Amino acid sequence: MASILIVDDSRTSRKILKGILESEGYEVVGEATNGQEGYERYVELKPDVVTMDITMPVLDGIEALKKIKGEYPDSKVVMVTAAGQKTKMVEAVQNGANEFVSKPFEPEQLKKIIDKVIG
């Protein structure tokens, strides 16, 4: 069973994501509310996959992605995007994002993406 860390400043998004992931059989090992906390939780938990929101306080998703990928090049990070974040998505890919999932979450699409990333 794959372990997943959810990083999102929206409590609602974390709750929805956690519900979908757990119902699909993944283990949500932790949650974080901003990029800095997400990075710290990654170091502590070393999950198989991180779902990373792009727009967050303290440290945004792109900066957190850079920090995690910089120290853990093999980490698997799936960026969570809202509509209209095309520029940010390109930047995320350039910095090593493995995949994207967009809000609102579609359970089947999310499972497909996580499975693809885990390989």
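What strands (runs of 3 or more DSSP E), lying completely within the range 31-119, carry at least 2 residues that are charged (D, E, K, R) and farther than 20 Å from SER13 by Cα?
none
I'd like the full set of residues that are closer than 14 Å to LEU21 by Cα and among the polar types (S, T, N, Q), limited to the range 71-119.
GLN109, the sole residue that qualifies.
Sort through SER13, SER3, SER23 and tell me the only one that's farther than 17 Å from VAL117 by Cβ, in contact with a helix residue (DSSP H, G or I) (Cβ under 8 Å, 6 or more places away or on another chain) and either among the polar types (S, T, N, Q) or surrounded by 22 or more Cβ atoms within 10 Å (Cβ to Cβ) (or both).
SER23
Assess whether THR55 counts as being surrounded by fewer than 18 Cβ atoms within 10 Å (Cβ to Cβ), over 24 Å from ILE20 (Cα atoms) and among the hydroxyl-bearing types (Ser, Thr, Tyr).
When the stated conditions are applied, THR55 does not pass them.
On the basis of being aliphatic (A, V, I, L, M), at negative phi, in contact with a helix residue (DSSP H, G or I) (Cβ under 6 Å, 6 or more places away or on another chain) and modelled with pLDDT of 95 or more, does VAL77 make the cut?
In short, yes.
Looking only at the range 29-48, which residues are of a type in the set (Val, Ile, Thr) and either in contact with a Leu (Cβ under 7 Å, 6 or more places away or on another chain) or crowded, with 24+ Cβ neighbours inside 10 Å (or both)?
Scanning the range 29-48 gives a single hit, VAL29.
The values are calculated or read from the model by the stated rules, or taken from the named source; none is laboratory data. Predicted model only: the values in this text are computed from it and were never measured. Cβ sites come from the backbone with ideal geometry, for glycine too, and all protein chains shown count toward neighbours.
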